[in-house]
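One structure is given below, encoded as structure tokens.
No value in this document is a laboratory result; all are computed from the given coordinates. Source: prediction; values computed, not measured.
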Amino acid sequence: MEEGELIRRMKRGDPAALEALMDRDMAFACGVASSILRDAPRDVEEVVSDSFLALWNNAHKLVPGRVRGYLSAIVRNRAKNRLRELGKELPLEEDLLDLEPSGDPGPRQSL
């Protein structure tokens, strides 16, 4: 089924549309969550389930072609929150994404 049609059906409250979206994007969402929750694999399923519920509750915000991006942001944020609840550090590459620019000259300025 086309993504636009799934979104229209979700906005009307059709749970079958959410189920179809979950069938389509479950592996993707699990991959995102697993990459962050490496040391807490038991929490991946809970984070992903909560993320799809948040997607359902915010169906009015969905735009065709941007559902995966929106879903990945939800999963990433919920996985990071879960790590914080567990008192664990974010994986290094996730920490790097959150860094502010250092202000040091970059390669272009050095040349």
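For the stretch 3-90, what does the relative contact order come out to in percent, with C-alpha contacts under 8 Å and a separation of six or more? All intermediate terms of the calculation are to be shown ahead of the outcome.
On the way: 70 pairs, mean separation 30.5, N = 88.
The value is 35 percent.
Enumerate the calculated ³J(HN,Hα) couplings along the stretch 70-75 in order (Karplus 6.51 cos²θ - 1.76 cosθ + 1.60, θ = phi - 60°), each rounded to whole Hz, writing x wherever the residue is Gly or Pro.
5, 4, 5, 5, 5, 4
Calculate one ³J(HN,Hα) per residue across the stretch 5-11 by plugging θ = phi - 60° into the Karplus curve 6.51 cos²θ - 1.76 cosθ + 1.60, and present them in order as whole Hz with x for glycine and proline.
5, 4, 5, 4, 5, 5, 5
Once phi is turned into θ = phi - 60°, what whole-Hz ³J(HN,Hα) does the Karplus curve with 6.51, -1.76 and 1.60 give for every residue of the stretch 78-85, x standing for Gly and Pro?
5, 5, 4, 4, 5, 4, 4, 4
On alpha carbon coordinates alone, what is the Rg over Rh value for the stretch 3-90, Rh being the Kirkwood radius? Working shown, then result.
Values: Rg = 13.2 Å, Rh = 13.1 Å.
Taking Rg over the Kirkwood Rh, I get 1.00.
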